[in-house]
Amino acid sequence: MLKKKYSCVKVDQQKDGITWVTFNRPEKRNAMSPTFHAEMMEIMTLLETDSDTKLVILTGEGVSYSAGQDLKEYFRETDGKPEVKAKASADSRWRSEKLWMYSKPTISMVNGFCIGGAFTHCICADFSVASDDAIFCLSEVNWGILPGGMVSKMVTDLFRQRDAMFYACTGRTFTGKEAANMGMVNYSVPKKNLRKETLKLAKELLEKNPNVLRATKHAIRATQDMSWRAAADYLNAKGAEIKIRDAARGHDAYAEGIRQFIDEKAYRPVFSPYVGAADGKTTEKGGKPRASAARKKKTPAKKKK
Ligand code: ACO
């Protein structure tokens, strides 16, 4: 449990394992200052091993998710101070390297303006849900830099080439709905439902075996730029990692999932995870027998001729 209070970020840890990390500079539209980055680096590092946190939701206080880098504090005030600039830049990697391969699932909940450098933590979170009317913009071209910090690469990987070029070069805004169509966020919802829909996704993820989920999200990330051969080896190793991590909690997802399906007919993987996936508690019996088990019992055995 994090006890410390921060000046630019609010951390709200719920009993169900969901931790809300809220960017809290609403008067500056949650622009990212060096202090903000230092706090976020510390928070995300601590939460990664905090046993009360199973999933992190990132969002912004007020009308903005994040207005990107703070033009005054991150850029102008660090000019001519290479050490300060380097520290701010290193701390700002909570959004990229750290989030990209984070040990726990992360969701960005885009509640309003998502500008420039904010694309990084919107995209590098594992999932993103936006309000329909959120406003996205690569504003860099309008004030004199290119979308750096890997944003140009990220939008090129994510968007169609035409869209990446268009929005990077015009700086035109697009809405949450358009962001969903372009693949920048998973989906958008009316603002009044944003929190509810984000929590619904979070709770769905929390029902999964966390070791399987972790390995799966890492596999999706890491194999993107691997050769076929390297990806095959990586995936084999990751599969083995699930077993090692599960064994540490006295569990075997693979054996348990198959047992509950084949022997107990307790669940259907198409519709839900096996019983006990989340907490690793192996049950004698899984859940309720599924329909096919009930049908089998009712069907009289055929008489031998
Ligand atoms: N850096 C520093 N201060 C900012 C930033 C920012 N990125 N964004 C907003 N603010 C500050 C404003 O200076 C203002 O502060 P002040 O009241 O002390 O003058 C306050 O936030 C409110 O800003 P407004 O412009 O009055 O708010 P409004 O809701 O009308 O507009 C908007 C919000 C659209 C986000 C506008 O502020 C804006 O265009 N901001 C710049 C966004 C930007 O270009 N970010 C950099 C992206 S590039 C990168 O991140 C690498």
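Note on segment 140-161: residues that are in contact (Cβ under 8 Å) with a residue 40 or more places away in the chain, assigned to a loop (DSSP other than H, G, I, E, B) and either of a type outside the set (G, A, S) or surrounded by fewer than 17 Cβ atoms within 10 Å (Cβ to Cβ) (or both) total 1.
For segment 7-24, how many residues are assigned to a loop (DSSP other than H, G, I, E, B) and either within 18 Å of D52 (Cα to Cα) or more than 22 Å from the chain's Cα centre (by Cα) (or both)?
The total comes to 5.
Cβ separations smaller than 6 Å between residues 6+ apart or across chains give the following pairs from segment 16-40 residues that are more than 14 Å from R95 (Cβ to Cβ) and open to solvent by 20 Å² or more (accessible area, probe 1.4 Å) to residues that are within 8 Å of the ligand (Cβ to nearest atom) and of a type in the set (S, T, Y): R29/S64.
Taking the criterion of being under 29 Å from L58 (Cβ atoms), over 22 Å from the mean Cα position of the chain (by Cα), assigned to a helix (DSSP H, G or I) and of a type in the set (A, V, I, L, M), would at least one residue in segment 193-213 satisfy it? Give the steps one after another, and end with the answer.
In the first step, residues of segment 193-213 are kept if they are under 29 Å from L58 (Cβ atoms); the result is 193-213.
Then keep just the ones that are over 22 Å from the mean Cα position of the chain (by Cα); that gives none.
No.
Let me confirm something: among D91, D70, which residue is under 30 Å from L199 (Cβ atoms) and surrounded by fewer than 21 Cβ atoms within 10 Å (Cβ to Cβ)? It is D91. Put simply, of V63, V84, V56 the only residue that is of a type in the set (V, I, T), over 18 Å from the mean Cα position of the chain (by Cα) and away from the ligand (no atom under 16 Å from the Cβ) is V84.
The values are calculated or read from the model by the stated rules, or taken from the named source; none is laboratory data. These numbers were taken from a predicted model, which means no experiment stands behind them. For neighbour counting, all protein chains shown are included, and Cβ atoms are generated from backbone atoms with ideal geometry for every residue, glycine included. Areas reflect the complete protein model, heavy atoms only, side chains present, ligands, DNA and RNA absent. Shrake-Rupley method; radii C 1.70, N 1.55, O 1.52, S 1.80 Å.
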